[in-house]
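Accompanying notes for the structure given below.
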Amino acid sequence: MIHKTLSIERKDHVTIVIFNTPERSNALSIEMMNEICDFSSRLNEDEQTRVVIFTGAGKHFCTGIDLTDELRAQHYETDSRLMKIRHMKIGPEMIRRIHEIDQITIAAINGTALGGGACIASACDFRIGEQNCRVGYPEVNLAMNLSWVALPLLVHLVGPAKAKQMVILAKRETAKNLIKWGFLDEIIEDGKLLEKAKSMAQEYANQAPMAAQMVKRSVNAISSALDRAIMHMDSDQLLYSISGNDFQEGVQAFFEKRKPDFKGN
C-alpha cells in the first residue's frame, strides 16, 4: 500500500511511523486511519522490525479526529444508522491493531496529542514526551463519550480518579502531570525526542525478539482481559451522543472559539 498520510522509515530492527499531514496538525482523517490499520496488519509479516516508534511531523503528534474530513462528513450526512455504526468501527479497529502489534511500540509525543492522538499513544507500550508536550481528551467538550476502546487503556495507565479527571474535564495536561500520573514514562529535552526514542528502541531491539514479544502479549492479556467486554458498545454510545443537540452545540462552539452552552439534550 502506498501511504499518503504516513511516512515510514526503517533502519535495522527499528521502524519509525511519522504522521505526515502537519498542515492539519496530523489530524486523523479516515484515509490516515486506514493507512495506520494497514501498516499495523502488515507488521505480522515483518520479521525484521522489532520496535515501532510513532511520532508526528511538524509541531504536533496528532490532534485527533479531522473535523474537516470530507469523507467523514459524507458518511455522517448520508449514511443510515446501520452504516454509520459500521463506519465508526475504523477508530476502535485502529486502536486495537496498534495495541495488538507484536513488536514493542513507543509513542514519541511532540507538541500535542489530543483525542484519537492520545488514544494512539495510550495503545503503545511506552510513551515519552517533550517538555512542552500536552495530552488531552477533548471529547466531553463536544458532548461526546470517549470511545475507540481507549478508556480502559487510560485507566490502566493513570488509575480511575485521574482517568475521570482527564476525560471529564477535557484539559490539556502538562508533561509534569503526565509523568507524575504514569501516562508518560519519560520527559525528554525539547529537540531531542526522536534521538531518545531511537536509543530506547535500540535497547528493546537488542533483546531476544521472541521472548520480548511473548512478555508483551502476556502483560497485555493480564491488564486488558475485560476491556473488550466492557467497551464492546462504545461506538453505539458515540453514535447516540453525537445524535443530540449538545453535540451540534459543541462543534459549533469549537469552530466559533467560545464556551459551549450544553442543555443535556
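FYI, it's all coordinate maths here, none of it is from the lab. For clarity, every value in this text was computed on a predicted model and none was experimentally measured. So basically every Cβ, Gly included, is an ideal-geometry build from the backbone, and we count neighbours across all protein chains shown.
Grab region 6-191 and count how many Lys pairs have their alpha-carbon atoms under 28 Å apart, sequence gap of 8 or more, or different chains.
Count of close lysine pairs: 16.
Given an 8 Å cut-off on Cα distances and at least 6 residues of separation, report the relative contact order of the chain as a percent.
Once divided by the residue count of the chain, the mean separation gives 18 percent.
With an 8 Å Cα cut-off and a minimum separation of 6 or more residues, compute the relative contact order for region 132-265 in percent.
35 percent
For region 44-120, what does the relative contact order come out to in percent, with C-alpha contacts under 8 Å and a separation of six or more?
Result for region 44-120 is 61 percent.
Please report Rg over Rh for the chain, where both radii come from the alpha carbon positions and Rh follows the Kirkwood definition.
Radius of gyration over Kirkwood radius for the chain works out to 0.95.
Quick check: pseudo-label points 7 Å beyond the Cα along Cα→Cβ at Arg86 and Gln252, how many nm apart are they?
Once both label points are built, they end up 3.2 nm from each other.
Can you give the FRET efficiency to the nearest 0.05 for Tyr240 and Lys171, using r as the Cβ-Cβ distance and R₀ = 22 Å?
0.35
When the helices in the chain are scored as -39500 (n - 2.57) per DSSP H run of 4 or longer and the sum is shared across all residues, what 222 nm value do you end up with, to the nearest 500 deg cm²/dmol?
Rounded to the nearest 500, the figure is -14000 deg cm²/dmol.
With springs connecting C-alpha atoms under 10 Å apart, model the chain as a Gaussian network and identify which of Glu35, Glu77, Glu139 has the largest mean-square fluctuation.
Comparing Glu35, Glu77, Glu139 in the GNM, the peak value goes to Glu77.
Might you report the magnitude of the Cβ-based charge dipole of the chain about its Cα centre, with Lys and Arg at +1 and Asp and Glu at -1, to the nearest 20 debye?
Computed about the Cα centre, the dipole is about 600 debye.
When His232, His99 are ordered from fewest to most other Cβ atoms inside 10 Å of their Cβ, what list results?
His232, His99
Quick check: the distance between the Cα centres of region 215-265 and region 1-48, to the nearest angstrom?
Value for the Cα centre distance between the two parts: 24 Å.
Can you tell me what share of the DSSP beta bridges in the chain is antiparallel? A percent to the nearest 5 is fine.
25 percent
To the nearest 0.05, how large is the calculated FRET efficiency for Ile2 and Asp79 if R₀ is 30 Å and r is the Cβ-Cβ distance?
Efficiency at R0 = 30 Å is approximately 0.65.
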